[in-house]
Ligand SMILES: Cc1cc2nc3c(=O)[nH]c(=O)nc-3n(C[C@H](O)[C@H](O)[C@H](O)COP(=O)(O)OP(=O)(O)OC[C@H]3O[C@@H](n4cnc5c(N)ncnc54)[C@H](O)[C@@H]3O)c2cc1C
């Protein structure tokens with residue numbers, strides 16, 4: 001079943017009776033060439049690119065809940081490539097290029113909208129840091145434009161530019177940054193992988209990893225044992241728990257991160273904006289809701305909900321930057337489990353157990369990485385070699401201290417940054 005304008009017209013005229021299920025609902029087979037644990041964005045894109053780029057189709061994605069129920073359907077949908085450091089810079093640039101062709105590739109509308117992202121700065125020091133970041137982005141081949149105060153005002157006239165504590169000095173505009181509809185990304189990859197023969201098995205929790213002589217031989221699941229010689233682990237906030245099934249202790253802490261959406265409003269915010277002096281960023285969804293968030297709740301947790309102090313902090317920051325937001329009613333808030341690494345950058349690597357590959361540590365920025373991560377992780381699983389755009393995400397950097405990619409300077413104490 002392919003989507004096209006003609007097909008939509010035909011279905012619209014015939015009562016929409018011709019649409020089928022977007023993916024099958026297969027029972028697990030006794031054995032696969034490879035198993036992906038976790039049907040979030042990273043697991044589904046890995047399966048998709050394994051099938052598409054490497055011809056590996058006897059594979060299964062095992063998801064303990066339902067597709068899109070994890071962070072991939074809980075994030076604030078920002079897609080960007082405005083990283084500063086080598087290691088991250090080339091990887092996110094690679095990922096953004098894949099985003100730009102994703103809808104054609106998947107034949108699926110993921111509502112990718114390059115509406116531009118503006119990081120605001122509020123001091124001379126911050127401006128210098130953003131100048132350096134912008135230069136790094138341009139050197140990488142991406143786009144960045146430094147806006148002065150009047151330049152920002154043209155785009156975002158509703159900000160409180162003269163706030164006594166945090167006046168707006170300017171902003172770094174990343175025109176190719178923007179948003180995408182998060183759960184459509186999961187569905188699009190699921191459909192694309194399924195069409196190539198991948199079994200997507202929902203309600204199938206992995207409860208154990210079978211290892212013999214230091215190599216993977218299969219998994220135990222809530223739907224029985226399944227044999228395989230290759231496992232890709234893409235379980236985001238549950239990375240520590242699943243790795244422990246193979247006797248590994250990862251350098252990851254799971255923290256809760258909240259997000260918020262208001263009632264639907266007429267179009268008012270047509271960029272993604274981040275405040276430079278408080279934990280607050282915002283965009284407007286196509287349904288009209290103002291989607292915004294802030295920082296971690298600052299305690300380790302597996303709960304997919306947060307607490308009131310961070311809600312208050314985020315709302316205060318929003319009111320400081322754009323007082324008009326006080327007129328909007330908050331409709332919902334929710335949380336997701338973030339897999340925080342000590343340097344804030346991810347891990348895409350082999351593990352000490354033969355056949356077990358790790359994709360984890362996306363912290364609060366892994367949605368934009370979904371296509372890039374799937375493409376480089378599938379390369380690693382299929383060939384045994386690191387993809388050229390993801391050579392820095394090695395697990396041993398946390399043991400040796402060499403090659404840390406500390407983009408945000410958060411260090412290992414996420415409650416202290
Ligand atoms: C509030 C919030 C805002 C965010 N905003 C952004 C943003 O604007 N931009 C951005 O780039 N990133 C953002 N992120 C981060 C991003 O969502 C995550 O980094 C990314 O989605 C994680 O990868 P995933 O999609 O594979 O995770 P998930 O969707 O969580 O997938 C992991 C899956 O593994 C499954 N699983 C776990 N254990 C098992 C098991 N034992 N057996 C089988 N399945 C299992 C889970 O059920 C889950 O479905 C945000 C996150 C949150 C919570």
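A short reminder: the numbers here are calculations on the coordinates, not readings from a lab. For clarity, every value in this text was computed on a predicted model and none was experimentally measured. Methodologically, a virtual Cβ is constructed for each residue, glycine included, from the backbone with ideal geometry; neighbour enumeration extends over all protein chains shown.
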Here the percent of antiparallel bridges among DSSP beta bridges lying wholly in the chain, to the nearest 5, is 75 percent
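Given a Förster distance of 60 Å, report the FRET efficiency between residue 408 and residue 14 from their Cβ-Cβ distance, rounded to the nearest 0.05.
For residue 408 and residue 14, the calculated efficiency is 0.70.
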Rh (Kirkwood, all Cα-Cα pairs) for the chain, Å, reads 22.1 Å
For the chain, the longest principal axis of the Cα atoms and the Cα long axis of helix 124-140 enclose an angle in degrees, to the nearest 10, of 40 degrees
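Out of every Cα-Cα pair in the range 182-286, what percent are more than 15 Å apart?
Details: 4201 of 5460 pairs.
I get 77 percent for the Cα pairs in the range 182-286 exceeding 15 Å.
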Between the Cα axis of helix 88-100 and the main Cα principal axis of the chain, the angle (0 to 90°, nearest 10) is 80 degrees
Nearest 10, in degrees from 0 to 90: the angle of helix 370-383 to the longest Cα principal axis of the chain is 30 degrees
In terms of the alpha carbon gyration tensor, root eigenvalues a ≥ b ≥ c, rounded if a/c is under 1.5 and otherwise prolate when a/b exceeds b/c or oblate, the range 112-175 is oblate
The distance between the Cα centres of the range 161-177 and the range 57-120, in whole Å, is 25 Å
Of 122-129, 296-303, 74-81, 332-339, ordering from highest average Cβ density within 10 Å down gives 74-81, 332-339, 296-303, 122-129
So the compactness index of the range 23-178, its C-alpha Rg divided by 2.2 N^0.38 Å, takes the value 1.35
Taking R0 as 45 Å and r as the Cβ-Cβ distance between residue 212 and residue 279, the FRET efficiency 1/(1 + (r/R0)^6), rounded to the nearest 0.05, comes to 0.45
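Using the number of other C-beta atoms within 10 angstrom as an exposure proxy, rank 311, 329 with the fewest first.
Details: 311 16, 329 7.
By the 10 Å Cβ count, ascending, the order reads 329, 311.
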